[in-house]
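As structure tokens, the structure follows; a few thoughts come after it.
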Amino acid sequence: MIRAFVAVNISDDQRAEVGKVIGKLRDYDVRIKWVEVSNLHVTLKFLGDTDEKALPDMYAAIADAVSGIQPFDLSLRNLGCFPNVQRPRVIWVGIDDGYDGLRDLSRDVERAVEPFGFAPEKRKFSGHLTIGRVKDNRNVETLTRDLSKIDFASSSAKVSGFVLHQSVLRPQGPVYTPLKIFELTP
């Protein structure tokens, strides 16, 4: 078994732009585990434990399910936190352009993997880019208050595909390995 997820990777320019925001947020006196810039992505479906033997059939099912989705533009905007500003667990960057495309990809991937034993999400799709995980809520009020004041908007980039990644958890942070790249065809 491997730990896996399906995601859209953001462009190198967008990584650099988000990296600058993370750099500014590091100045706050809050215990947050920031996501490495190289690991930034928008999750379409977290699979968790996945049988490696099922991967070839899963790849075919996913490719078939998304065959009607065309490339689309993606841009990022604003910052926020889940589940709320009083006790945040996740700091995120929101989606501006491309939300519908991400939602459609997520829906189709979810339908494709359901026959392989992956239950559909109970929650409605909430596309976002996780940039940090709050480890301790002490001193977090100033950060959460300031998130809405940060006027962040990324450049736009074409989403022409997405990736099924293996995720290996290590003490210094997760290591993501692309197992299959899916191309969207115009």
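Under 8 Å for C-alpha pairs, at least 6 residues apart: give me the relative contact order for the stretch 38-186, rounded to a whole percent. Display every interim value, and only then the final one.
Values: 227 pairs, mean separation 47.6, N = 149.
Over the stretch 38-186, the number comes to 32 percent.
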**Request:** Quick one: which residues, 5+ away or cross-chain, put their amide H under 5 Å from the amide H of HIS128? H built at 1.01 Å from N.
**Result:** THR43
**Asked** Given labels modelled 7 Å from the Cα in the Cβ direction, how far is it in nm from ASP57 to GLU121?
**Response** 2.6 nm
**Item:** Karplus-derived 3J(HN,Hα), 6.51/-1.76/1.60, for each residue of the stretch 130-137, Hz, glycine and proline x
**Value:** 6, 10, x, 10, 6, 9, 7, 7
**Prompt:** FRET efficiency for ASP49 and LYS135, Cβ-Cβ distance as r, R0 = 35 Å, nearest 0.05?
**Reply:** 0.90
**Prompt:** 222 nm [θ] for the chain, helices only, -39500 (n - 2.57) per DSSP H run of 4+, per residue, to 500?
**Reply:** -8000 deg cm²/dmol
**Message:** If amide hydrogens are placed 1.01 Å from N in the peptide plane, which non-local residues have theirs closer than 5 Å to the one on ILE95?
**Reply:** ARG77
**Fill in**
Given a Förster distance of 30 Å, the FRET efficiency implied by the Cβ-Cβ spacing of ARG87 and GLU114, rounded to the nearest 0.05, works out to 0.40
**Request:** Of the listed values (1) 21.8, 84; (2) 16.1, 47; (3) 16.8, 48, grab the one calculated as Rg and Dmax of the Cα atoms in Å from the structure here.
**Result:** (3)
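Where a number appears in this text, it was derived from the coordinates with a stated rule and is not lab data. Model, not experiment: these values are computed from the prediction. We place every Cβ from the backbone using ideal geometry, glycine too, and count neighbours over all the protein chains shown.
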